[in-house]
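In what follows, a single structure is set out as structure tokens and then discussed.
The values are calculated or read from the model by the stated rules, or taken from the named source; none is laboratory data. None of the values given here were measured: they were computed from a predicted structure. No Cβ is skipped: glycine too gets one built from the backbone with ideal geometry, and neighbour counts run over all protein chains shown.
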Amino acid sequence: MTQAQAARARGTRARPRGPRSAARRAELVAVASRLFRERGYHGVGMRAIAEAADIQAASLYHHFASKEELLLESIYVVDRDLVVDQLPILEGGGTYRERLERLVRGHVGHIGANRDAWWVAGRELRALSPGKLDEVQVYRRRYQHALGDFLAAGTAAGAFACEDPRLSALAVLDMINGPNEWWEPGGRLAIDELATRYAALAMRLVGGDPAEGTAAVQGQARKRRSSVR
């Protein structure tokens, strides 16, 4: 058995747990995401990832059994973690328009904060094995369906005007995924400004009034600033 095989076997038997281990795993996923973006998934090996993280290959295998597991966790930053964070917004407080605006702003902001993971999720998805790919698609469909149901309910309540809420949900998601393809730090728009503008565009797309949601968010921001004075 080679050193790498032995390390993989140890990692399979006893995967580290706890907050410190979770933080370390997140750091390693970020390193792997950056390398996948720079060199492509098939152009990077576990040894290169370990070297970039300044650890031994055996230590990397202690956290991740394979490069595919690292790829999956990188994609999960977008297709699992984002969904888990975003869906409660649709079920939370506020008007339909306010909730949609918060969802869009959070989605676009997530792109700005996780650019490497978004690049990987958009371009290396097909490198996953069929079973792992199916796991990712479950989260994507959940997000699409939840937004479609939300737009349907908002339309029934008179907040939106969507003839086909499912199609409108896909259109909104296509639009707010777009900055992943072109946005760069230091460009014409900061990510927060871009998120605000996309929220207004999304409101128009579904037949809502962008002014109402924006005014509510601005009012909440003023209250927060006043409370810290």
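Within the range 1-45, if we keep just the residues that are at pLDDT 95 or above and either outside any helix (DSSP H, G or I) or more than 24 Å from the chain's Cα centre (by Cα) (or both), the residue that is nearest to A127 (Cα to Cα) turns out to be G40.
Against the condition modelled with pLDDT of 95 or more and either surrounded by fewer than 15 Cβ atoms within 10 Å (Cβ to Cβ) or assigned by TED's automatic domain parsing to the domain that holds R102 (or both), how does A190 come out, does it pass? Yes, satisfied.
I'm trying to understand the selection: among the residues of the range 151-210, which are of a type in the set (D, E, K, R) and outside any helix (DSSP H, G or I)? Steps first, please.
The first filter runs over the range 151-210 and keeps only residues of a type in the set (D, E, K, R), leaving 163-164, 166, 174, 181, 184, 188, 192-193, 197, 204, 209.
Result: E163, D164, E184, R188, D209.
Candidates in the range 92-131 are the residues that are more than 22 Å from L194 (Cβ to Cβ) and without any contact (Cβ under 8 Å) to a residue 60 or more places away in the chain; of these, the one that is surrounded by the most Cβ atoms within 10 Å (Cβ to Cβ) is L125.
Restricting attention to the range 66-81, which residues are in contact (Cβ under 8 Å) with a residue 40 or more places away in the chain and either in a helix (DSSP H, G or I) or out of contact with any helix residue (DSSP H, G or I) (no Cβ under 9 Å at 6 or more places or on another chain) (or both)?
Here is the first cut: in the range 66-81, the residues in contact (Cβ under 8 Å) with a residue 40 or more places away in the chain are 66, 68, 70-80.
Listed by number, the residues that qualify are E68, L70, L71, L72, E73, S74, I75, Y76, V77, V78, D79, R80.
Filtering the range 20-65 to residues that are touching a Phe, Trp or Tyr at 6+ places or on another chain (Cβ under 9 Å) and either free of Cβ contacts under 8 Å to residues at least 12 places away in the same chain or in the same structural domain as D81 (by TED's automatic domain parsing) (or both) leaves G43, A50.
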